[in-house]
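Down below is the structure, laid out as structure tokens.
Since every read-out is calculated from the coordinates, none of them should be taken as a lab result. Source: prediction; values computed, not measured. All Cβ positions, even for glycine, are placed from backbone atoms using ideal geometry, and neighbour counts span all protein chains on display.
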Amino acid sequence: MAEYDPQAIEQKWQQEWDRKGVFRADADPERPKYYLLEMLPYPSGTLHMGHMRNYTIGDAVARYRRMRGFNVLHPIGWDAFGLPAENAAIKRGIPPREWTNANIAQMKSVCRRFGFSYDWRREISTCEPEYYRWNQWFFLRMLERGLAYRKRSVVNWCPKCQTVLANEQVVDGCCWQHDDTAVEAKEIEQWFLRTTHYVDALLDDMSELEGGWPERVLVMQRNWIGKSRGTRLSFPIEGADQAIEIFTTRVDTIFGVSAVFLSPAHPILSSLFSGRPGQEKMEEASHRLRQQILRGADLGSVEKEGFFTGRFATNPFSGESVPIWVANFVLAEYGTGAVMSVPAHDERDFEFARKYQMPFRVVIQPVSGAPLVADQMTESFTDYGRLVDSGPYSGLSSKDAQEKMAADAKAKGIGQAETTYRLKDWGISRQRYWGTPIPVIYCPNDGIVPVPDDQLPVRLPENVQLTGQGQSPLASVPEFLNTTCPKCGGPATRETDTMDTFIDSSWYFFRYTDPHNDRAPFDRAAAAYWFPIDQYIGGIEHAILHLIYSRFFCKVMHDLGLVNLREPVRRLFSQGMVLKDGAKMSKSKGNLVGAIDMAEKYGCDTARMYTLFAAPPEKDLEWSEQGIEGCARFLNRVFRLVDRHSAALAAVSTASLRAAALPAPTAKEKALRRKTHQTLRRVTQDFEVRWHFNTSVALIMELMNALQAAEPLDQDARPEVVKEALESLTLMLAPMAPHLAEELWLMLGHSDELSSARWPEYVAQLAAEEQVEIVFQISGRVRGKLLVDSGLGENELMELAMADERIGPLLRSGQMVKRVFVPNKLVNVVLR
């Protein structure tokens with residue numbers, strides 16, 4: 001009997017797939033297309049099993065879809081620019097390109113070792129001029145349309161990286177690249193992309209994504225865009241020819257204003273402080289509060305702090321004089337950078353007023369219940385109600401008052417109704433080397449001059465001295481910096497900042513459709529055939545940065561006439577993390593499980609199968625050596641079973657079994673066929689609907705157990721029945737353990753590769769299962785019943801229950817402390 005040698009089998013079939021170009025995908029109007037990809041990987045070095053889970057999920061789906069007859073595009077490339085590579089190169093004294101390309105070569109070899117079904121002809125690397133040329137081309141098109149512009153602004157500055165960070169790249173007040181460096185505020189000239197031009201489209205078009213994207217991703221995007229409807233008001237500063245603009249969503253509370261709060265980064269502060277007693281102390285206090293905002297993880301929970309400026313403003317409705325304060329919970333980039341303080345009707349203002357003993361008054365009373373008394377309140381009243389002590393508006397409901405006040409503000413010239421957004425324009429300037437050069441030239445005569453298209457790409461110079469300190473490294477390279485103005489021919493200088501590397505990953509998936517085009521970013525017809533992306537796979541950490549930017553880019557490309565769609569991704573899946581010892585795998589924690597180590601020890605099919613089996617793909621997976629050893633034993637059992645029967649079955653045809661009827665079937669034949677087709681039906685459903693590959697693997701293992709229990713298979717069962725079961729087992733294994741499946745397919749007598757085989761169709765009457773009624777008892781009371789297939793596992797049953805419109809909300813209403821499962825009868829849940 002032959003021995004299962006995974007390494008030899010895997011090498012054999014990888015060479016065969018490469019030789020025949022099995023995974024090459026070209027447009028074919030006669031076949032349904034399926035565009036699937038995992039998010040663009042950053043070439044950081046050695047791949048561990050945390051990385052491989054993402055790629056394994058994608059590859060399993062890609063292989064399944066091919067077997068279903070789809071023309072599958074499954075490409076890969078490398079997000080090759082970025083600060084980590086530059087910093088690593090500085091540390092090692094080598095060029096970033098050398099470091100990056102070495103990592104790409106290493107990661108590519110691991111991907112090939114695992115047999116991922118990529119069309120390698122379409123591979124891209126964003127650090128190559130052939131790619132970043134088109135970053136520059138897009139920038140110039142946006143510049144022509146006013147979507148790219150330059151201005152002086154306060155930015156998030158990382159002193160360690162010596163570069164600007166987008167708001168989205170500041171995490172808990174620290175640089176997203178390293179959480180030990182507090183971000184600082186700094187004012188510099190930089191380039192922006194006008195993402196706010198598409199803010200309503202980014203919100204409205206989410207309707208196209210509902211049902212295909214995880215709801216939590218959509219919620220995160222809506223919150224980040226932060227649409228607020230309210231009123232903008234002007235509070236004149238007493239003793240000055242200036243006014244403070246305030247945006248509020250609760251103009252109905254304006255008669256309760258006790259102060260105006262300014263952000264410590266508000267531009268009006270310098271004039272407010274100028275010449276005032278204590279100017280220096282106030283400037284120091286503002287700076288301290290400003291840094292506090294950048295470091296604060298949650299403005300809702302940070303201790304409220306501020307100071308009185310000694311200046312006053314006039315309430316435009318009541319005419320009252322109100323003090324102007326600086327407060328650490330007001331953000332310069334949100335709204336107008338100033339808010340009105342109404343302690344009786346805002347919890348944050350209430351806390352601040354209590355701390356600084358500021359007076360306040362009630363101007364909104366609840367519709368029912370006891371009236372509020374200011375000095376008896378222990379918390380603010382933030383609901384809508386009836387206005388009191390609000391001049392001519394007293395007695396109105398909050399909603400009616402808001403409408404009337406907004407109209408009156410406009411009529412009197414003191415304000416107007418307005419919609420604001422949290423989303424700001426995208427600052428893309430970075431003061432580092434390893435990125436796309438921004439294609440503009442500064443001329444003493446002509447000002448800012450775009451680089452002509454025929455001079456693209458503006459290439460990064462090689463052999464640049466990198467220190468990680470001071471100005472952009474490109475500023476110290478004369479041959480790059482000094483150039484000729486395309487307009488007047490006189491001496492000029494190039495922009496020395498490079499682009500934020502999220503530019504690279506905002507459109508790369510379009511380039512995959514036509515990766516070698518040197519005349520355009522991609523061919524429109526090629527993009528039209530493959531798009532939208534049918535399935536995109538990546539972590540939840542990309543919900544805001546990458547996914548918002550890529551949606552923005554798609555809308556720009558639509559308006560440029562390059563694509564005919566406004567949303568690039570039809571379905572999004574966010575996989576869970578792989579944990580070891582309770583923590584996410586990382587080099588710093590020393591808990592990595594190397595992908596190659598697992599492939600050499602167990603074979604990559606075993607490693608692939610374990611990552612699919614150990615947990616549902618959207619859940620976190622705790623790595624277990626015992627678990628992967630169990631998968632290795634299972635695949636060995638499958639190999640031995642097929643090997644034992646392959647000689648007798650190789651020439652047997654199963655064509656006669658395509659009909660449900662089998663003449664005079666034995667009890668064993670009935671049982672084998674029923675188990676085979678029931679397994680096939682449920683595994684098919686897992687791929688089509690739920691993606692619960694862990695359940696699929698468990699079902700395949702159950703089928704394997706049934707086959708072994710029926711040994712000797714050649715007794716009381718016709719060869720075609722046995723072969724049907726083994727073929728079905730092999731075909732269901734193919735997306736998960738493709739190398740072994742290919743070998744088993746060959747052993748079963750097939751001359752053509754399994755990669756060209758079709759997914760088997762189950763026979764409905766054989767696959768039908770007995771239905772049973774499961775009672776759901778929640779906290780002692782029967783709350784509902786579900787009619788399900790008999791033998792359904794506990795986890796599968798809970799998933800169906802969570803989706804049920806009656807039982808699901810009840811299960812989510814509290815924390816589960818106990819669960820008792822009686823198969824085919826009862827689920828008893830205790831909630832807290």
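Annotations for the structure displayed:
- Taking each residue as 0.36 nm, the span from K399 to Q685 lengthens on full extension beyond its C-alpha to C-alpha distance by 98.0 nm.
- Between V154 and K668, the simple spin-label model (points 7 angstrom out along Cα→Cβ) gives 8.1 nm.
- For the chain, calculated [θ]222 nm from helices alone, where every DSSP H run of n ≥ 4 adds -39500 (n - 2.57): -11000 deg cm²/dmol
- Annotation for D28 and V820: the two label points, set 7 Å from Cα along the Cα-Cβ direction, are 5.6 nm apart.
- Think of the chain as having a plus end and a minus end, set by charges on the Cβ of Lys, Arg, Asp and Glu; of A259, F116, P452, A259 sits farthest toward the positive end of this dipole.
- Relative contact order for segment 459-568: 18 percent, from Cα pairs under 8 Å spaced at least 6 residues apart, divided by residue count.
- Within the straight-line cut-off of under 26 Å between alpha carbons, the lysines reachable from K108 are K12, K20, K33, K91, K580, K584, K587, K589, K601, sequence neighbours fewer than 8 places apart in one chain being disregarded.
- Two-site FRET efficiency, I448 against E187, from Cβ-Cβ distance with R₀ of 22 Å, rounded to 0.05: 0.70
- Directionally averaged shadow of the chain, computed from the convex hull of its alpha-carbon atoms, nm²: 42.4
- Euclidean distance of C-alpha centroids, segment 495-550 and segment 337-369, integer Å: 47
- In this structure, D752 and R644 have a Cβ-Cβ separation that, at R0 = 25 Å, corresponds to a calculated FRET efficiency of about 0.60.
- Dipole moment magnitude, nearest 20 debye, the chain about Cα centre, only Lys, Arg, Asp, Glu C-beta charged: 520
- Our summary gives segment 505-591 a relative contact order of 30 percent, counting only alpha carbon pairs under 8 angstrom and 6 or more residues apart.
- You can think of it this way: the chain between A370 and V772 has 139.3 nm of extra reach, that is 0.36 nm per residue less the Cα-Cα gap.
- Qualifying trypsin sites (Lys or Arg not before Pro) for segment 710-811 [loop in DSSP, other Cβ within 10 Å: at most 16]: R758, R806
- Positive-end extreme of charge dipole, the chain - chosen from T676, S321, L826 (charges on Cβ): L826
- Residue list for segment 531-568, given a label point 7 angstrom along the Cα-to-Cβ vector of D205 and an amide N cut-off under 13 Å: 532-533, 547-568
- If R0 is 25 Å, the Cβ-Cβ spacing of H287 and D180 corresponds to a FRET efficiency of close to 0.70.
- Inter-probe distance in nm under a simple model that places probes 7 Å from Cα toward Cβ, at E711 and D523: 5.4
- For the chain, relative contact order (Cα pairs under 8 Å, six or more residues apart, normalised by length) works out to 14 percent.
- Among the GluC sites (Glu not before Pro) in segment 215-274, those placed in a DSSP loop whose Cβ has at most 13 other Cβ atoms within 10 Å are E238.
- Flagged links, alpha-carbon separation over 20 Å, of K619/K825; K668/K825; K151/K186: K619/K825; K668/K825
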